[in-house]
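What follows is one structure encoded as structure tokens, with my remarks underneath.
The values are calculated or read from the model by the stated rules, or taken from the named source; none is laboratory data. From a predicted model like this one, the values you see are computed outputs, not experimental measurements. So basically every Cβ, Gly included, is an ideal-geometry build from the backbone, and we count neighbours across all protein chains shown. SASA here: full protein model, heavy atoms, side chains in, ligands and nucleic acids out. Shrake-Rupley method; radii C 1.70, N 1.55, O 1.52, S 1.80 Å.
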Amino acid sequence: MSKAGKPRRKRRLRKFIFMLILLLLIAAAGWYAYNSLKAEYTVTYDSYTATTGSISNALSFSGNLSLVNSASYAAESGSTVRTLYVAAGDAVQEGDRLVRLANGETVSAEFDGRVNTVSVEQGDSVVQGDALVQVADFAHMKVSFRVDEYDISDVAVGQACAITVTSLEKSFESSIAAIDYISASNGNVAYYTATAYVDVDDGVLPGMQVTVTIPQQEATDVVILKVNALSFDATNQAYVWMKDDAGELAQVYVTTGVSNGNYIEISEGLKDGDEVYVEAETEVSTAASLLSGLFGGQQFNQPAGGNMPGGERGNFNRDGGEGGYRGGNSAGGTNGGTRSGTNGGGR
């Protein structure tokens, strides 16, 4: 071998050793970063406490008030207004005289109500068909509302309901008076029209928007829990996580009852004061996410507060019962479902 070849071999060897050391340093730095970021990735749990309280749910629908009795009186023939007995805003009773014409024609109220408009003055000449007086009953109104095919089986004539005037925040007791079972369709959903009559206060006017609430279920002095605290297994059975004597999280199945979309009755499995846990959203730094991608999407788990075996959070069944609820308003005024609302209790 020539003398010139030996230096080249030595240079290659030194270069190889240098590259090897560099790769080892990079690997060591990566492993250090991996473990550092892994330690920053932690799982936390939200805790909820079961309490004793009352809870209820209801169906809720939107509608508008309309008049039941309204009449506009007009002249039957040409004449002159001889006597005007009322003015706009006057309360009248059935049979009270409203207007008398010179030809002897007398207009009387056909029902109890209030004079809404007076279109003539005493001495005016009128022809057949001219408007004279309009009377309306503003104390007794009705509301018609649509019930879709999913809820119609839960609505019946005679059911008690509450009618709340949205703008005035006034509520009045009523009941379902009639249901039209000939459907009208909106897209792929069939709707049916229900009607309720209501006696209202002064200031409540036709056209105002109302909410019709029909109570469904109620439970008093029962164990209740936030619905967010529940999890569900593959068969939709509800369970919660509780700490055992060793401080580890253990799965406990529960039986559910009435729910208002925010709280739910726990009829079996928990007692007042029991604390349960749910895995909270786990935050991880951007660097840790990047590192996770570099290591093939591997998850970095460092349990906190005990180990939680795998399990899926689920949704409630629509019709309530075990693991089910109807959406709506919770105790504390949280708004819920669109079609099916609730007015419920819970602390």
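General remarks:
- With all protein chains modelled, accessible area of Val252 [1.4 Å, Å²]: 40 Å²
- 5 angstrom amide H check on Ser175, placed H, neighbours 5+ away: Cys161, Tyr197
- q = 0.11, 0.16 Å⁻¹, the range 72-218: log10 I(q)/I(0) [Debye, one scatterer per Cα]: -0.60, -0.86
- Once Rg and the Kirkwood radius are both taken over the C-alpha atoms of the range 210-270, their ratio Rg/Rh works out to 1.09.
- Normalised per residue, the accessible area of the range 78-147 is 51 Å², obtained with a 1.4 Å probe and no contribution from ligands, DNA or RNA.
- Relative contact order of the range 129-231: 33 percent, from C-alpha pairs under 8 Å at least 6 residues apart in sequence.
- Partners of Lys271 within straight-line reach, counting aspartates and glutamates whose Cα lies under 20 Å from its Cα and excluding those fewer than 8 residues away in the same chain: Asp46, Glu218, Asp221, Asp244, Asp245, Glu248, Glu322.
- Cut-off 18 Å (backbone N to label point 7 Å along Cα→Cβ of Val68), residues of the range 88-107: 92-95
- Calculated FRET efficiency for the pair Gln93/Ser144, C-beta based, R₀ 35 Å, to 0.05: 0.80
- Computed over the range 186-290: relative contact order in percent, which uses C-alpha pairs under 8 Å that are six or more apart: 22 percent
- Positive minus negative residues near Thr80 (Lys, Arg vs Asp, Glu; Cβ under 14 Å): -3
- Going by accessible surface with a 1.4 Å probe and the largest first, Ser125, Ser267 read Ser125, Ser267.
- Annotation for Leu20 and Ser119: the two label points, set 7 Å from Cα along the Cα-Cβ direction, are 10.9 nm apart.
- Counting only the Cα atoms, the range 145-271 fills a convex hull of 177 Å³ per residue.
- Compactness of the range 128-175, expressed as Rg and Dmax over alpha-carbon positions, Å: 16.8, 52
- Rg followed by Dmax, in Å, when the range 235-279 is reduced to its Cα trace: 11.2, 35
- Cα point-scatterer Debye curve for the range 15-116, base-10 log of I(q)/I(0) at q = 0.16 Å⁻¹: -0.90
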